[in-house]
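The values are calculated or read from the model by the stated rules, or taken from the named source; none is laboratory data. These numbers were taken from a predicted model, which means no experiment stands behind them. For neighbour counting, all protein chains shown are included, and Cβ atoms are generated from backbone atoms with ideal geometry for every residue, glycine included. What goes into the accessible areas is simple: the full protein's heavy atoms, side chains included, and nothing from ligands, DNA or RNA. Shrake-Rupley method; radii C 1.70, N 1.55, O 1.52, S 1.80 Å.
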Amino acid sequence: MVSPVGPRVVLVGPMGAGKTTVAHLLGAQWDMSVRDTDADVEALAGKSVADIFVEDGEETFRRLEADAVARALAEHTGVLALGGGAVLDPATRERLAGHRVVFLQVGLSEAVKRVGLGVGRPLLLGNIRARIKALLDERSPIYAEVASDTVDTDERSPEDVAQEIVRLVEGES
């Protein structure tokens, strides 16, 4: 059952899946505001996600991220995009229950193409392809667990992905 309060849809998935881009397309389609929890964290901390990782550590970032997700789920009624690692927090996974959550699935080759050299992505230090593979292997089952729907994004335009989500969401409205 989808919660009557909170975001219309929550997008989850790994880096390179297109969460932010698709969220903005959905927001425009539905004339709704868009919120991205990574942007919320940056606004609260006054610095980029990459700087938080470097200066304060991943643990601090994850704490800020969990708080940002909790606030957004409680306050936001538009389209919500979560950071790629947000689902690692058990409390966040519990909070997602009852919300319409769409997992934007992306394969390794496509993710590597989209992410490029990983500039500004602190978890991609070193061998980018190997790091993305490890993150996909670790997180994909968790994304699938929290999702009410899964949409494959490989070799598809963000517009096509957004339209599939519109059909899924509006088909049940």
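Before moving on, here are some points about what is shown:
- Selection within segment 64-99 - among the charged types (D, E, K, R) and closer than 18 Å to residue 43 by Cβ: 65, 67, 71, 75
- Positions within segment 22-55 being hydroxyl-bearing (Ser, Thr, Tyr) and at pLDDT 95 or above, in sequence order: 33, 37
- Every listed requirement among (1) more than 22 Å from residue 105 (Cα to Cα); (2) touching a residue at least 60 places away in the same chain (Cβ under 8 Å) is met by residue 78 save one, (1).
- All conditions but one from (1) within 14 Å of the chain's Cα centre (by Cα); (2) surrounded by 20 or more Cβ atoms within 10 Å (Cβ to Cβ) apply to residue 89; the one that does not is (2).
- Of the residues making up segment 143-157, those that are open to solvent by 30 Å² or more (accessible area, probe 1.4 Å) and either within 14 Å of residue 105 (Cβ to Cβ) or basic (Lys, Arg) (or both) number 8.
- Scan of segment 92-115 for residues that are open to solvent by 20 Å² or more (accessible area, probe 1.4 Å), in a helix (DSSP H, G or I) and either on the phi > 0 side of the Ramachandran plot or touching a helix residue (DSSP H, G or I) at 6+ places or on another chain (Cβ under 8 Å) (or both), ordered by number: 93, 95, 108, 112
- Qualifying residues in segment 43-70 (those that are free of Cβ contacts under 8 Å to residues at least 24 places away in the same chain and within 19 Å of residue 87 (Cβ to Cβ)) - the one surrounded by the fewest Cβ atoms within 10 Å (Cβ to Cβ): 59
Residue-wise test of (1) among the β-branched types (Val, Ile, Thr); (2) out of contact with any Pro (no Cβ under 8 Å at 6 or more places or on another chain); (3) buried (at least 23 other Cβ atoms within 10 Å of the Cβ).
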site: 10; (1), (2), (3): yes, yes, yes
site: 13; (1), (2), (3): no, yes, yes
site: 17; (1), (2), (3): no, yes, yes
site: 23; (1), (2), (3): no, yes, yes
site: 28; (1), (2), (3): no, yes, no
site: 31; (1), (2), (3): no, yes, no
